[in-house]
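Colleague: This is the structure I want to talk about, given as C-alpha cells.
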Amino acid sequence: MNNMNNDTLKGQHWYTQEPEKVLQRLDVDPEQGLTSEIAKERLAAQGKNTIQEAARRPVWRMIIGQFTDFMVIVLIVAAVVSGIVGEPQDAIAIVVIVVLNAIIGAIQEYRAERAIAALRMMAAPEAQVFRNGETQTIPAVELVPGDLVLLEAGNVVPADLRFLKTSELRVDEAALTGESQAVQKNTETLREEDTPLGDRFNMGYKGTLVSHGRAMGVVVATGMETELGRIASLLHQEEAVKTPLQQRLAHFGQRLAIVVLIICGIIFVSGLLRGETVVLMFLTAVSLAVAAIPEALPAVVTVSLAIGARKMSRRNALIRRLPAVETLGSVTYICTDKTGTLTENRMTAEGFWAAGENKDQIPPPDSDRLPWNLLGQALALCNEVVPDQDGGARGDPTEVALYQAAHGAGYERQSLEEALPRIGDIPFDSERKRMTTLHRKSEGEVVAFVKGAPEQILSRCSQMQTAEGAAEVDTEALLEEAEDLAEQGYRVLAVAFRPFETDPTEWDSEDIEKELSFLGLVALIDPPRKEVPDAVADCMSAGITPVMITGDHPGTAQAIAVRLGIDKEDGSVITGQELAQISEEDFARRVRQIRTYARVTPEQKIRIVKALQDRGEFVAMTGDGVNDAPALKRAGIGVAMGQKGTDVAREAADMVLLDDNFATIVSAVREGRRIFDNIRKFVKYTMTSNSGEIWTLFLAPFLGLPLPLVPIQILWINLVTDGLPGLALSAEPQERGIMQRSPRPPNESIFAHGMWQHMLWVGLLIGGLSLLSQAWAYHGGSAHWQTIVFTVLTFCQLVHVLVIRSEKESLFSQGLWSNKWLLGAVAITVALQLAVIYLPFLNPIFRTSPLPLGELALCFAVPVVVFVAVEIEKWLVRKGWIYVERIKKEKKEEVPVTAAEPAAAGSGGFKYKGIWSTVIILLLVGVGSILWLQGGEKVEEALVVAEAEKEPAPPAVTSPSPEAPTATPPPRDEQAAAPEKPPEVAKLPEKPAREEPKPAEITPVAPKTVLVQPGDTLSLIAERAYGDPTQWRLIYEANQDKIKDPDVITVGMKLTLPSPTN
C-alpha cells in the first residue's frame, strides 16, 4: 500500500474504525512512523497537501466576457449606427459607457475568483511529524496519508487526522462547523457512519485550530480530499446566480430591441410611401433607433449602485459586487448562520443558581452571603485563564466566561490568589468531565474547588451549601433544574467545594473529588447580539423571512431562534441527520415552514438555498465560516462578516458587514429598495420619453404632417433628456413606507405596477401634444414649426421627469427642492435647449431658428398638460382605482414557483404576456388614435397621395401648382419660406352605411359541475360561470334537491351548472 492513491482511501469512515485498524489500513508503524522513502513515493503518487485552484480565466477573457450581455451588444450596435449617421459624439459616449462597465465587471469577477486563494492561505505552513522513528518538522504541503502528526495548543491542524493519543485536547472548529465553543477531542471509536462533522470527536480537520492540550494523529486525507478541500470543490461547482436586476435588464434589452426594430421599420416604410427620400428616412429610422435605446441606462445603473455602495460603506456594509446593492431589495429569505452573526461568538455566563435562588449575576463579595461568596471565589480561581494587561483574558472560551463573570462581580483573582494560593490541580478530562484546583488557606487549611458536568459533580456531593450552612443535597431536583436550563439552550456547569484540615495525603481525583459540598449551577450561552431582535422584527415587517442555519447543537439553536423571534416556541428544529433522510419532494413542500436548522453540512446549506430558490424565493445567505462559503456563492446574495469572518467567506460573498452586525442588513435592504426604485423611475422616464418621440414620428405621416424632426434633433433630445436628468434620478430620496411593503417578487417584470401602461399613454400624450403644436404652427403659417415641435417635445420630457419622482405621492407633498440635483439638471437642460434655439452658430447645426416670445411661451405652456395628467394618474393610484393587481397573491405553501415559469407583469389590467403583446398594443393604440383624431379620412388621403405619385394622376385629381408636388413638405426652418398649403385631393366616394351590429348573445355553456368554496354565494358562482350574477336563480332551480335555502350553501357541495338563459 506504499503507492496508495486517494481512490483507495475514499469512502472510509475513519471515525468508526479502531486506531489499530486505521494504522493497518494506512500501512504505518506507530513506533517508527513512515520512512522517508515511503513518504516520497506517496507524495509523488498523490500530490501535495494543497488546495487546488481551478484554471483561472485570464484577465483579457474576463474583459471580453463582459461584452456578451444582450443589452451591451445592443448598445454596441447603437454606437456603430451613430457613427454611420455621422454623430460621432453619441457613438463615443456609448463606447465609453460600455468600456467602463466592462472594466468594472471584470474587476468584480477577478475578486470573486480569489475565494480559492483564501482557502490556500488557511493551510498550516509547517507540521511536526514522526518519521523514521524521530520527530521532524516538515512543510505541511509534504504531508501524506499515514504520516503521524504531533499537535499542541496554537497549532493549525495541517491535514485531516484520526487521533491516536490526546491529552486535554480541545479544537476550535467554528470556521468549519459553526460550533461556537472549542470541541473536546478523544480517541474513542464512534459507531454511526452518519455522525455529523461537529460530533466526530476523534477527528481533527485541516484548517482548524488547537486551542488547548496535545495530541498525536495519523493523516487520513490531504489536499482536496480533506473536508476543507471538499468545500473548495463545492466553490468550483457552484455558479453565481444572476441577480434580479441583471435578469430584468437582459429581458428588457431583448424585448426593447425587437420593438424598436419593428417601429423603425414602420416609420421607414411610411416615409417612403409619403414620398420622402430613402436616405432621409434611413437616417431618421436609425436615429430613432439610437434614441429609443436607453444607452444611458447602464451608466445610470452603475452610478446608482456606486452611490448606494458608498452610502452603505458609511453604514459598515462593504459591497464587493455592485449588483448586490439592488439585489437586497428583492430578498425574500435571509438564511443566517448563528455563531458570530446572530450571536456575539463568545461564551457568557447568563444565569446562576445557588441556595434555591436564580440570579442574573453573582452578588458582590460578602462574607455573610453564603454560598454566593464561595461560588464567586470558585469561578475566579478554578480555571486556567491568563488575564491580559488590558483587562481581558485568554484561554478556553467557557473558562473565560466564568472568570469574567466573577471578575465583573468584584472577585479579583489577584487578591484571591494572595489569600488562597494554588498548591495543585487536577486537569479536566473527557472521562471525568471535571476540573479541580486546590488552594491553601491562611490558617493552613486546604480548600478544593471543583467544576464540571452537573451529573458528574452531583454524584460526588454529600451535601449542599445554603445561606444557613450545610444541608442535605436533593440530587434529583438539582439535575432537573440543570436539565431545564439545558433545554433553554444553555451549557450548564455545576460548582462544588471540599475543605481539608490539612494537605491531602493522596492527590488522586478519586480521593479528592468526593464528599463534595454543592455550591451552585452556572448557565452559559453564546448570547444574541442586542440589536438583532429589532433587526429580525424589521426584516419581518419588510416581508423578509429570517432562517437560522447552524452547525451548533439543536437545543442551543432553538433557544437562540426563539429569543430572537426567528422561530416560535413550538417550532421544530431540523438536524442535518433528519434533513438527509427527507426526500426532495417532501423537503420542497416543507422548506417554507422550517425556520431553524442545526448540525448541517456545507452541502446541506446549499440544498436549503436551492430548495428555496426553486420555490421562487430570492435568498440571501449570511455567514462567517469556511463552511458558509459555498452557500454564500450559491445564494442570490452572500453576506459575510468582516471582523470575525474568515477570508474564504469574505471572498465568496457579495457584501461584507464591517461591524459583523446583523442589523446592518436592514439598512442595506432599505438602500437596495431605494436604488431599484430609482432605476425603475429612470426606465419609466426614458422609455416614456422615447415612446413620445416614436409616437411623434410614427403618427405624423398619417396626419398629413411633414417629418417633425431631423436626425440631429432626435439625437439631441435623446442626449440632453436622458443624460443629466436621468442621472439625477439616482439621487432621489427613498419613498415613504419603503420598509413596510413586501419584497419585489424575483420574477416580477420591471414594467409591473402600471409602468408599461404609463409609458404607452403618457408617451402618446407627449407625442400628441408635440404633433398638436406642429399642426398649429404648420397650418398657421409659422416659419418655426420644426423648432416649436423640437422644443415642446424636449420640455414635455423635462416636466415628466419632475412629476414621476414618485409613483403615488404628489410632487406638491414631495417638495420641489427635495432632489436639488434633479432640479439643477432640468435647469441646465433648459438652458442648453435655449442655447440651441438662440445661439446663431448652433442654428444651422440643429436646423433651428429663434422663436418669438409668444411661440416660446407656448413651448413652456404645453408641457403643463403632462404635469396635470400624471398628477391625476397618481391620485387615481392613491385611491386604488387603477393599477391594482387583479390576481391575489396565493399562499406560498400552495403555489410553488420555479425559475422556469414565465414571469407575470404583476401590474393592473391584464397579465403582460411578452413582446408580441406590446407590439399589438402599440399598433392598436396607434391606429385607434389615428381614427379618433381624423375619423379615418387622413389615412385614406395619405394612401391616395402615395398612389398618385406612383401613377399618372386621373383628371379628377389635380394639383393647384405644378411646382408644388403633392408629397413635398414645407421648407425647413432655416429656409424660412411661407409654408405651402397641403395639396388638394379628389373626394373619396361616399362609404356605404354601416350595418348596426346585432346585440350580443350569451353563448350556451355545456352543463358542468362546480364545488362550493369558502365564502361562495350563488351570485358569485353565477358571475364566475356566466359573467352575470343574476343567473343565480338558474343554478338554484337546477339544484333544488340539494339547496334548501338559496342564501345558505355548504362548502364542498357539488352544484350542477346548466346553460344560461339569454
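The values are calculated or read from the model by the stated rules, or taken from the named source; none is laboratory data. Please read all numbers here as calculations on a predicted model, not as lab measurements. Positions of Cβ are backbone-derived with ideal geometry, glycine not excepted, and every protein chain shown enters the neighbour counts.
Colleague: Does residue 808 count as in contact (Cβ under 8 Å) with a residue 12 or more places away in the chain, charged (D, E, K, R) and out of contact with any Gly (no Cβ under 7 Å at 6 or more places or on another chain)?
Modeller: yes
Colleague: Of all residues in the range 635-649 being assigned to a helix (DSSP H, G or I) and buried (at least 24 other Cβ atoms within 10 Å of the Cβ), which is modelled with the lowest pLDDT?
Modeller: Going through the range 635-649, the residues assigned to a helix (DSSP H, G or I) turn out to be 647-649.
With the extra rule that they be buried (at least 24 other Cβ atoms within 10 Å of the Cβ), the set shrinks to 648-649.
Values: 648: 69, 649: 76.
Here the residue is 648.
Colleague: Confirm whether residue 474 is surrounded by fewer than 15 Cβ atoms within 10 Å (Cβ to Cβ) and at pLDDT 90 or above. Can you show your working first?
Modeller: On the way: surrounded by fewer than 15 Cβ atoms within 10 Å (Cβ to Cβ): yes; at pLDDT 90 or above: yes.
Answer is yes for this residue.
Colleague: Can you name the residue in the range 156-215 that is within 21 Å of residue 631 (Cα to Cα) and either without any contact (Cβ under 8 Å) to a residue 60 or more places away in the chain or in contact with a Cys (Cβ under 7 Å, 6 or more places away or on another chain) (or both) and is also surrounded by the fewest Cβ atoms within 10 Å (Cβ to Cβ) among such residues?
Modeller: Looking at residues that are within 21 Å of residue 631 (Cα to Cα) and either without any contact (Cβ under 8 Å) to a residue 60 or more places away in the chain or in contact with a Cys (Cβ under 7 Å, 6 or more places away or on another chain) (or both), I get 205.
Colleague: Continuing with the same structure: Being under 27 Å from residue 421 (Cβ atoms) and either among the basic types (Lys, Arg) or in a helix (DSSP H, G or I) (or both) is the filter here; which residues of the range 453-470 pass it?
Modeller: Listed by number, the residues that qualify are 456, 457, 460.
Colleague: In addition: Being under 12 Å from the mean Cα position of the chain (by Cα) and under 19 Å from residue 527 (Cα atoms), is that true of even one residue in the range 616-631? Write out each step before concluding.
Modeller: Filtering the range 616-631 down to residues under 12 Å from the mean Cα position of the chain (by Cα) leaves 617-622.
Those still in the list that are under 19 Å from residue 527 (Cα atoms) too: 622.
Yes: one or more hits.
Colleague: Another question about this same structure. Report the residue count in the range 831-879 for those that are in a helix (DSSP H, G or I) and within 30 Å of residue 754 (Cβ to Cβ).
Modeller: Number satisfying all stated conditions: 20.
Colleague: For the range 1013-1023, what are the residues that are surrounded by 13 or more Cβ atoms within 10 Å (Cβ to Cβ) and at pLDDT below 80?
Modeller: 1016, 1017, 1019, 1020, 1023
Rundown of residues vs (1) over 30 Å from residue 701 (Cα atoms); (2) buried (at least 18 other Cβ atoms within 10 Å of the Cβ); (3) touching a residue at least 60 places away in the same chain (Cβ under 8 Å); (4) of a type in the set (Gly, Ala, Ser), yes/no style:
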{"site": "740", "(1), (2), (3), (4)": "yes, no, yes, no"}
{"site": "743", "(1), (2), (3), (4)": "yes, yes, yes, no"}
{"site": "765", "(1), (2), (3), (4)": "no, yes, yes, no"}
{"site": "769", "(1), (2), (3), (4)": "no, yes, yes, no"}
{"site": "782", "(1), (2), (3), (4)": "no, yes, yes, yes"}
{"site": "787", "(1), (2), (3), (4)": "no, yes, yes, no"}
{"site": "802", "(1), (2), (3), (4)": "yes, yes, yes, no"}
{"site": "812", "(1), (2), (3), (4)": "yes, no, no, no"}
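Colleague: Given the criterion part of a loop (DSSP other than H, G, I, E, B), within 30 Å of residue 555 (Cβ to Cβ) and assigned by TED's automatic domain parsing to the domain that holds residue 398, identify the matching residue among 495, 450, 473.
Modeller: Details: 495 fails: part of a loop (DSSP other than H, G, I, E, B); 450 fails: part of a loop (DSSP other than H, G, I, E, B).
One residue alone meets the criteria, 473.
Colleague: Kindly establish whether residue 696 is hydroxyl-bearing (Ser, Thr, Tyr) and under 19 Å from residue 269 (Cα atoms).
Modeller: Considered against the rule, which asks whether it is hydroxyl-bearing (Ser, Thr, Tyr) and under 19 Å from residue 269 (Cα atoms), residue 696 comes out as yes.
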